[in-house]
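Chemist: Please read through the structure below; I'll follow up with questions.
The values are calculated or read from the model by the stated rules, or taken from the named source; none is laboratory data. As the structure is a prediction and not an experimental result, all values here were calculated from the model. Quick reminder, even Gly has a Cβ in these numbers, built from the backbone with ideal geometry, and neighbours come from all protein chains shown. For accessibility, only protein heavy atoms count, side chains too; no ligands or nucleic acids. Shrake-Rupley method; radii C 1.70, N 1.55, O 1.52, S 1.80 Å.
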2 protein chains.
Amino acid sequence: MENQNKGSIGGVEGGKEVTMVGKLKSKGACDLLLRLLALVLTLSATIVLGVDKQTKIVQLKIAPSLPPLDVPATAKWHYLSACVFFVVSNAIACAYAALSVLLSVANRGGKKGLGMLFVILDTLMVALLFSSIGATGSIGVMGYQGNSHVQWNKVCNVFGKFCNQVAASLVLSFLGSIAFMLLVMVATLRLHQK
Amino acid sequence: MENQNKGSIGGVEGGKEVTMVGKLKSKGACDLLLRLLALVLTLSATIVLGVDKQTKIVQLKIAPSLPPLDVPATAKWHYLSACVFFVVSNAIACAYAALSVLLSVANRGGKKGLGMLFVILDTLMVALLFSSIGATGSIGVMGYQGNSHVQWNKVCNVFGKFCNQVAASLVLSFLGSIAFMLLVMVATLRLHQK
């Protein structure tokens, strides 16, 4: 009778262990999936803004008596410091995501120390990405709308394709940074349940 | 002999428990201090930018034959959408910090569920604050330096006091968001050691 009880208790404990291992594995897979997603999204954002360039022929009037001249004008991402910051931040986040995917695969057991380090670095990536999104986003809004108070005219009516590509890379980076935010939350959930 | 051993083991366990409780208490105090710091810093950032206003007399030339006119020009924070976003974000972070201080004091025991919720909301505050810092920061850089490619002239040579006040509130908000980042890390550390 005692043995039977012991057996059943052992069985329940074994079952609990199996469920726990299963939970940890599913969370590990979720973590890896989010890291891969962050990697792809930040890489795409870097490339989409990194190749952004548009040349347009604009009419320039030198003197009222002369007809306007057709001058080619080019918009490049590195003309704006906010865009440079955006590309560099996304490249850093992408490199970190790639490294963390490798480390996650190498440490399938799920060491707590590594989990802690990931939470800290993921939080730093959230801060870095969101600040660069804010920086480029506000310059983008200024480009689309302009501002009469500071006399900054809108430029997206001329360089529409360039601005749309900036907007696309902003969306991609925003989704990437949400993936990093979810990683912080998933990691905390994992530490919480261990 | 057996009893002695048992006693010593009990003593060690008791000691461990006391150390653990001490650690938890010191971490709770650290958490509360960081929350108060975040509250004060985001409140200061909100006020410093919220009261930012500068009026200057600028010379306006209407026609080449007429002498320039002295016209008063005013710079206000709500003329720029990035500054509006900054003030609103800091006000939200400040309100959340105040609420979380109250909840932290009310839950001195340190419920894990509340700790989890705090990590999630603190991460959201990091994202919100950093995006608003990036947005206002990039407009500030544009105001200080201007950009010849998009023909946006610098305005901080005219509204120097206004720009310096924006810079001060950016520093305050940056320190506040670092407090929120540390809160995420401290909370993870606490969940990790429980």
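Chemist: Sort out which residues of segment A:57-116 are of a type in the set (Gly, Ala, Ser) and touching a strand residue (DSSP E or B) at 6+ places or on another chain (Cβ under 6 Å), and write them in order of number.
Modeler: Scanning segment A:57-116 gives A:ALA73, A:ALA75.
Chemist: Residue check: is B:LEU117 farther than 24 Å from B:CYS163 by Cβ and buried (at least 16 other Cβ atoms within 10 Å of the Cβ)?
Modeler: No; evaluated as a whole, the condition is false for this residue.
Chemist: Among the residues of segment A:126-164, which ones are of a type outside the set (D, E, K, R) and open to solvent by 40 Å² or more (accessible area, probe 1.4 Å)?
Modeler: A:LEU128, A:VAL141, A:TYR144, A:GLN145, A:SER148, A:HIS149, A:GLN151, A:ASN153, A:ASN157, A:VAL158, A:ASN164
Chemist: Next up: Return the residue satisfying two criteria in turn: it lies in segment A:171-186 and is surrounded by fewer than 24 Cβ atoms within 10 Å (Cβ to Cβ) and modelled with pLDDT of 95 or more, and of such residues it is farthest from A:PHE118 (Cα to Cα).
Modeler: A:VAL171
Chemist: Among the residues of segment A:59-74, what is the count of those that are assigned to a loop (DSSP other than H, G, I, E, B) and open to solvent by 50 Å² or more (accessible area, probe 1.4 Å)?
Modeler: Counting residues in segment A:59-74 that are assigned to a loop (DSSP other than H, G, I, E, B) and open to solvent by 50 Å² or more (accessible area, probe 1.4 Å) gives 7.
Chemist: Also: Would it be correct to say that A:GLY28 is within 22 Å of A:VAL126 (Cβ to Cβ), modelled with pLDDT under 90 and open to solvent by less than 100 Å² (accessible area, probe 1.4 Å)?
Modeler: yes
Chemist: Going by what's in this entry, would B:LEU114 be described as of a type in the set (A, V, I, L, M) and at the interface with another protein chain (Cβ under 10 Å from one of its Cβ atoms)?
Modeler: Taking the combined requirement at face value, the residue does not satisfy it.
Chemist: On the given criteria, is A:THR55 within 14 Å of chain B (Cβ to nearest Cβ), in a strand (DSSP E or B) and either in contact (Cβ under 8 Å) with a residue 12 or more places away in the chain or surrounded by 15 or more Cβ atoms within 10 Å (Cβ to Cβ) (or both)?
Modeler: When the stated conditions are applied, A:THR55 passes them.
Chemist: Out of the residues in segment A:88-120 that are at pLDDT 90 or above and among the small types (Gly, Ala, Ser), state the one that is farthest from A:ALA38 (Cα to Cα).
Modeler: Per the criteria, the residue is A:SER89.
Chemist: Can you tell me which residues in segment B:75-100 are crowded, with 17+ Cβ neighbours inside 10 Å and either over 30 Å from B:LYS56 (Cα atoms) or at the interface with another protein chain (Cβ under 8 Å from one of its Cβ atoms) (or both)?
Modeler: Once the filter is applied, which keeps residues that are crowded, with 17+ Cβ neighbours inside 10 Å and either over 30 Å from B:LYS56 (Cα atoms) or at the interface with another protein chain (Cβ under 8 Å from one of its Cβ atoms) (or both), segment B:75-100 yields B:ALA75, B:LEU80, B:ALA82, B:PHE85, B:ILE92, B:ALA93, B:CYS94, B:TYR96, B:ALA97, B:SER100.
Chemist: Something else now. Any residue that is within 17 Å of A:VAL88 (Cα to Cα) and within 13 Å of the chain's Cα centre (by Cα) - is there at least one of those in segment A:138-161?
Modeler: No, segment A:138-161 has no match at all.
Chemist: When you go through A:CYS156, A:CYS163 one by one, which is the residue that is in contact (Cβ under 8 Å) with a residue 12 or more places away in the chain, more than 30 Å from A:LEU189 (Cβ to Cβ) and in a helix (DSSP H, G or I)?
Modeler: A:CYS163
Chemist: Right, here's the next one. List pairs: first residue in segment A:122-135 and more than 7 Å from every other protein chain (Cβ to nearest Cβ) and in a helix (DSSP H, G or I), second residue among the aromatic types (Phe, Trp, Tyr) and open to solvent by 10 Å² or more (accessible area, probe 1.4 Å) anywhere in the structure, Cβ distance under 7 angstrom, at least six positions apart or on different chains.
Modeler: Filtered contacts from segment A:122-135: A:MET125/A:TYR96.
Chemist: For A:MET185, work out the one condition from (1) at the interface with chain B (Cβ under 7 Å from one of its Cβ atoms); (2) part of a helix (DSSP H, G or I); (3) farther than 24 Å from B:PHE130 by Cα it doesn't fulfil.
Modeler: Single failed check for A:MET185: (3).
Chemist: Are there any pairs, at least 6 apart or on different chains, whose C-beta atoms fall under 7 Å, with the first in segment B:61-74 and within 22 Å of B:GLY160 (Cβ to Cβ) and the second open to solvent by less than 60 Å² (accessible area, probe 1.4 Å) and among the β-branched types (Val, Ile, Thr), and if so, which?
Modeler: B:VAL71/B:VAL58; B:ALA73/B:VAL58
Chemist: If you go through segment A:136-158 one residue at a time, how many are within 9 Å of chain B (Cβ to nearest Cβ) and over 14 Å from B:LEU80 (Cα atoms)?
Modeler: So the answer is 2.
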